[in-house]
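First the structure, in the form of structure tokens, and then the observations on it.
The values are calculated or read from the model by the stated rules, or taken from the named source; none is laboratory data. Please read these numbers as outputs of a predicted model, since none were measured by experiment. Backbone-built Cβ (ideal geometry, glycine too); neighbour counts: all protein chains shown.
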Amino acid sequence: MTTVGPLLKTPLNEIHRAHGAKMVDFGGWDMPVQYSGLVDEHHTVRKAVGLFDVSHMGEIEIRGPEALQATSFITTNYTANLKDGQAHYAGLLYDHGGFVDDILVHRVSQNHFFLCVNAGNQEKDFDHIRTSVASFDCEPEYASPKYAQIAIQGPFALATAQPLTETPLSQIRYYWFADGTFAGVPARIARTGYTGEDGFEIYVSPDDAPAVWNAIMASGAAHGIKPCGLGARNTLRLEAAMALYGHEIGASISPLEAGLNWIVKFDKGDFIGRDALLRQKEQGLTRKLAGFEMKGRGIGRDGYEVLVDGNPAGWVTSGSPSPTQNRNIGLCYVPADRAAIGQKIEIIIRNQPVEAEIVPTPFYKRPQ
């Protein structure tokens, strides 16, 4: 797909280019797909620590006396259970139950929520949110221009990040965050990530991002830190079986079909898409997302057709070699009654059916 107009650039674009990153058009953004190589960067995150520019991601803030009620209404998860400084993963849905986007909801206070949304969806998300919360006493803000986001991921993420802040990072639990200073500038420090490893996502002013990036690289040098691109980010999240918008989830796919029942809290009261999901739950699912491993030679790539008993039955949403496990893996939609572990399937690769099998997910889980 050709992007109309100039590519958008993050505040770290010059650093990426100066250090030899291979750049690509990623949804209209000029982004690094790799530095030293996808596999090398993937292993670096699994074994040491990697640094990602995710400043293309979007931020939306909701403030006001009814910010809690509004955020609960537009998202699927149990927002009222969040404490100040806590975050969770949630769905932003249409009335019919399909995804507008998948998002991270951070509770700054009862009257202030901070949402991290996908890069290509941020304007659409904001329009959806602004319309949906119009009856609540709150004010949504399209805040993306105010933030750059940098992700430190891997077993040595804590050791890399701690020297750069007085905030005691070991006390921040997974999916919690703290506001403080980082590398000498104001920052929101969240213990979140999209790799299956421990790590932190740091939100700072775009003007501060280059200095923060350089400080992290210097601090992580002793731990083998490397800058990483979107290629490794994708293989890491696939091994962890984390959904990607436009692949595992989208407007025509519900959280129940995507195996994300755990982010849908029917008992919390009304939310957008609730009635449609209840109907789907009562009627029973016709398709489900499942993990697979290739048994024959070949890689089941995104969009490839899936056969069950020789008949067209679904499609691959994401597929790749697993650098960690040295096997070819992927996620696919298949009929709900054929999604059991051990189910034999075939994937059409170069016009030929190749054997594969439904296997448990996640494919990788980090040692605790």
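Give the number of residues within the stretch 12-47 that are buried (at least 17 other Cβ atoms within 10 Å of the Cβ) and within 21 Å of ALA148 (Cβ to Cβ).
The qualifying residues number 16.
Give me the pairs, please: first residue somewhere in the stretch 254-270 and crowded, with 22+ Cβ neighbours inside 10 Å, second residue anywhere and of a type in the set (Asp, Glu), beta-carbon distance under 6 Å, and either six or more positions apart or on two chains.
Every condition considered, the pairs that remain are ALA258/GLU248.
Need at least 2 residues that are within 17 Å of ALA243 (Cα to Cα) and out of contact with any helix residue (DSSP H, G or I) (no Cβ under 9 Å at 6 or more places or on another chain) per element, so show me which strands (runs of 3 or more DSSP E) inside the stretch 302-351 make the cut, counting only ones lying wholly within it.
Details: elements: 305-308, 311-322, 327-335, 344-349.
Where strands (runs of 3 or more DSSP E) fall fully within the stretch 302-351 and carry at least 2 residues being within 17 Å of ALA243 (Cα to Cα) and out of contact with any helix residue (DSSP H, G or I) (no Cβ under 9 Å at 6 or more places or on another chain), they are 311-322, 327-335.
Please tell me if ILE272 is at pLDDT 95 or above, within 17 Å of the chain's Cα centre (by Cα), hydrophobic (A, V, I, L, M, F, W, C) and within 26 Å of SER132 (Cβ to Cβ).
Details: at pLDDT 95 or above: yes; within 17 Å of the chain's Cα centre (by Cα): no; hydrophobic (A, V, I, L, M, F, W, C): yes; within 26 Å of SER132 (Cβ to Cβ): yes.
Criteria not met by ILE272.
Which one is nearest to the chain's Cα centre (by Cα) among residues in the stretch 15-64 that are within 30 Å of ASP137 (Cα to Cα) and either charged (D, E, K, R) or assigned to a helix (DSSP H, G or I) (or both)?
Only one residue tops the list, namely GLU59.
Which residues, taken from the stretch 283-301, are outside any strand (DSSP E or B), within 17 Å of THR361 (Cβ to Cβ) and small (Gly, Ala, Ser)?
Result: GLY300, single match.
Could you check how many residues of the stretch 293-320 are under 29 Å from THR44 (Cα atoms) and either buried (at least 18 other Cβ atoms within 10 Å of the Cβ) or of a type in the set (D, E, K, R) (or both)?
Going through the stretch 293-320 one residue at a time, the tally reaches 13.
Does any residue in the stretch 304-321 that is free of Cβ contacts under 8 Å to residues at least 12 places away in the same chain come within less than 7 Å, Cβ to Cβ, of a residue that is in a strand (DSSP E or B) and surrounded by fewer than 18 Cβ atoms within 10 Å (Cβ to Cβ) six or more places away or on a different chain, and which pairs are these?
PRO312/GLU305
Within the set of pairs 6+ apart or on separate chains, which have a first residue in the stretch 131-152 that is farther than 30 Å from VAL49 by Cβ, a second that is exposed (fewer than 13 other Cβ atoms within 10 Å of the Cβ), and C-beta atoms under 6 Å apart?
ASP137/PRO65
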